[in-house]
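See below for the structure under consideration.
The values are calculated or read from the model by the stated rules, or taken from the named source; none is laboratory data. This one's a predicted model, so the numbers in the text were calculated from it and none came from an experiment. When we count neighbours, we look across all protein chains shown, and the Cβ atoms used for this are built from the backbone with ideal geometry, even at glycine.
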Amino acid sequence: MSDAPSHPRQVPAHVAIIMDGNGRWAALRGVPRAEGHRQGVEAIRRTVQSARDLGIRNLTVFGFSTENWKRPAGEVSALFGLLRRYVAADLEKLAAEGVRIRILGSREGLPADIVKIIEDVEARTAENGAYGLNIAFNYGGRDEIVRAAAALARDAADGKLDPETVDEAAFAARLDTDGLPEPDLLIRTSGEMRISNFLLWQLAYAELVFLDVLWPDFGEEHLRQAIETYRGRERRFGGVSRSDAA
């Protein structure tokens, strides 16, 4: 097991990751894109363990976006296949270790067996509380916000909700991440510097770290690097810095 950083209170409680670069990793090696995605799953396994060892309590990874349907049908099918195999290979181990797994995103348009897998995974681990692994699958930040707004509108139309009482807490309770702390740190790999429709509401005050490493090559050393960058920043949440206040 890895040693946690020396100041555990400065370890982010919730880390979100945009796992970018599988396709480029494959292209650089002259192998099919599916192999890049397969190696990306191995990077997820490494990162789940490393995050736990370092004291991170929640990890959210961007697995499949609502925009990814635009990719070739064969690649989409391969991504679904990786989810099936990951769950089959790792679910019992993760459940036994107290990991709660949540799948964020819309179920609409997903194959019936994928929906069943999602439901089974969430039910199997619902009572666990040692660590949270959240997988954004068929997820888009704008789509999530629209679904939350529609839920509020339905409740108001049904007389279950006074529109005048809607506040940030009421809105957040309709999001896929209800009950989770907001991410402290967002990591994106591959050198790209954008958030790509990921957790648009939840990332309002997160620290953003962009690493020039392709996701299949991501390991504990990169996670530690991102945490050290995070620890070197002052989170002000709209206030003034300590130096300015002095």
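Restricted to region 219-234, and to residues there that are more than 16 Å from Arg52 (Cβ to Cβ) and touching a helix residue (DSSP H, G or I) at 6+ places or on another chain (Cβ under 7 Å), the residue that is surrounded by the most Cβ atoms within 10 Å (Cβ to Cβ) is Arg231. Filtering region 184-235 to residues that are over 29 Å from Ala26 (Cα atoms) and among the aromatic types (Phe, Trp, Tyr) leaves Trp201, Tyr205, Tyr230. Restricting attention to region 5-20, does a residue exist that is free of Cβ contacts under 8 Å to residues at least 60 places away in the same chain, under 21 Å from Val213 (Cβ atoms) and crowded, with 17+ Cβ neighbours inside 10 Å? Within region 5-20 (the criterion being free of Cβ contacts under 8 Å to residues at least 60 places away in the same chain, under 21 Å from Val213 (Cβ atoms) and crowded, with 17+ Cβ neighbours inside 10 Å), the answer is no, since none of the residues qualifies.
Do we find that Leu110 is part of a loop (DSSP other than H, G, I, E, B) and surrounded by 12 or more Cβ atoms within 10 Å (Cβ to Cβ) in this structure? It is true that Leu110 is part of a loop (DSSP other than H, G, I, E, B) and surrounded by 12 or more Cβ atoms within 10 Å (Cβ to Cβ). Sub-7 Å Cβ pairs linking a first residue in region 202-227 that is over 15 Å from Glu192 (Cα atoms) to a second residue that is part of a helix (DSSP H, G or I) and among the basic types (Lys, Arg), at least 6 apart or interchain, are Gly219/Arg46; Glu220/Arg46, ordered by first then second residue. Going through region 92-107 one residue at a time, which ones are in contact with a helix residue (DSSP H, G or I) (Cβ under 6 Å, 6 or more places away or on another chain), surrounded by fewer than 19 Cβ atoms within 10 Å (Cβ to Cβ) and closer than 23 Å to Asp53 by Cα? Within region 92-107, Ala95 is the sole residue that qualifies.
If I ask for residues that are exposed (fewer than 15 other Cβ atoms within 10 Å of the Cβ) and either free of Cβ contacts under 8 Å to residues at least 12 places away in the same chain or over 28 Å from Glu127 (Cα atoms) (or both), which ones from region 167-191 would you list? Correct list: Asp167, Glu168, Ala169, Ala173, Asp178, Gly179, Gly191.
Specify the residue that is surrounded by the most Cβ atoms within 10 Å (Cβ to Cβ); the eligible residues are those in region 37-60 that are in a helix (DSSP H, G or I) and either among the aromatic types (Phe, Trp, Tyr) or touching a helix residue (DSSP H, G or I) at 6+ places or on another chain (Cβ under 6 Å) (or both).
Taking region 37-60 first, the residues in a helix (DSSP H, G or I) are 37-53.
Restricting the remaining residues to those that are either among the aromatic types (Phe, Trp, Tyr) or touching a helix residue (DSSP H, G or I) at 6+ places or on another chain (Cβ under 6 Å) (or both) gives 37, 39-41, 43, 50.
Details: His37: 22, Gln39: 18, Gly40: 26, Val41: 20, Ala43: 24, Ser50: 20.
Among residues in region 37-60 that are in a helix (DSSP H, G or I) and either among the aromatic types (Phe, Trp, Tyr) or touching a helix residue (DSSP H, G or I) at 6+ places or on another chain (Cβ under 6 Å) (or both), the one surrounded by the most Cβ atoms within 10 Å (Cβ to Cβ) is Gly40.
Screening Glu119 with (1) touching a Gly at 6+ places or on another chain (Cβ under 9 Å); (2) closer than 26 Å to Arg45 by Cβ gives one miss only, at (1). Residues satisfying the criterion are present in region 188-204 (criterion: under 23 Å from Phe137 (Cβ atoms) and over 16 Å from the mean Cα position of the chain (by Cα)). The sole residue among Ala150, Ala156 that is farther than 22 Å from Glu182 by Cα and in a helix (DSSP H, G or I) is Ala156. May I ask you to say which residue of Gly74, Gly81, Gly63 is assigned to a strand (DSSP E or B) and at pLDDT below 95? None of the other options fit; the residue is Gly63.
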